[in-house]
Amino acid sequence: MATVTTQASAAIFRPCASKSRFLTGSSGKLNREVAMRPMGCPPSASLKVQAKKGEWLPGLASPAYLNGTLAGDNGFDPLGLAEDPENLRWYVQAELVNGRWAMLGVAGMLLPEVFTKFGIINAPKWYDAGKAEYFASSSTLFVIEFILFHYVEIRRWQDIKNPGCVNQDPIFKQYSLPPHECGYPGSVFNPLNFAPTLEAKEKELANGRLAMLAFLGFIVQHNVTGQGPFDNLLQHLSDPWHNTIIQTVRGY
């Protein structure tokens, strides 16, 4: 039996002008060009590959009103809720604020449970926090929070409708905010003086979106298991092959 061996030269492609976002800390824009050429070929024989930005689902074109100019814009609006420019302005600010509250909420739900488990503090679980005794009754606290939040949210809504109109404090006249982009007031609200760059905005939105999903996950976890997220994690680590979501759903 005769054996015929053939050799084929394979063109190995090597990126010539591309660096990892993790290493360079770039803004994450995907519409950049990467030049590639086969080894052994002259520089003139190159292939350009351009990745498309704004496709949350590969092959699905982004809506025309989501053109990639907004931070965190991946073209995701399957219901067309932001087709109206005024609605889009509101949704941008609503997502930003809800993401910030979600990050604070997730930290407030997780960290006290962790610190209590290690004996650093003695705090109730997040789902029992409403049963604890505070300096006032729960109805009094609700009224106070409602008034304060109502005032803050009305001021924020006014700033969205007419940017800069609430920069001057109406009570303490000596306090005012410098001109700023809506949603990024700076000054006393930015003690570390972080610049609102596109990269910083995208990172904040990514963490905010993740926190909103985590918040929903904490609620579902408690409704199913009756425990907090850290207790669920410890239970899973104690027997990773048997304490999983599959066994939990089966026994629910």
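Some values worked out for this structure:
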quantity: Burial ranking of peptide ranges 179-192, 208-221, 134-147 (average Cβ count within 10 Å, highest at the top); calculated: 208-221, 179-192, 134-147
quantity: Hypothetical label at residue 175: residues of the stretch 126-153 whose amide nitrogen lies under 18 Å (7 Å Cα-Cβ projection); calculated: 145, 147-153
quantity: Residue-wise HN-Hα coupling along the stretch 80-93, computed from phi with Karplus coefficients 6.51, -1.76, 1.60 (Hz; x: Gly, Pro); calculated: x, 6, 9, 5, 6, x, 5, 5, 4, 4, 5, 5, 4, 6
quantity: Trypsin sites (Lys or Arg not before Pro) restricted to DSSP loop in the stretch 126-200 with at most 11 other C-beta within 10 Å; calculated: 173
quantity: Set of aspartates and glutamates near residue 201 by C-alpha distance (under 18 Å), chain-local residues within fewer than 8 positions excluded; calculated: 73, 95, 181
quantity: Per-pair calculated FRET efficiency, R0 = 35 Å: residue 239 and residue 184 via Cβ, rounded to 0.05; calculated: 0.15
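FYI, it's all coordinate maths here, none of it is from the lab. None of the values given here were measured: they were computed from a predicted structure. Heads up, the Cβs are rebuilt from the backbone with ideal geometry, glycines too, and the neighbour counts pull from every protein chain shown.
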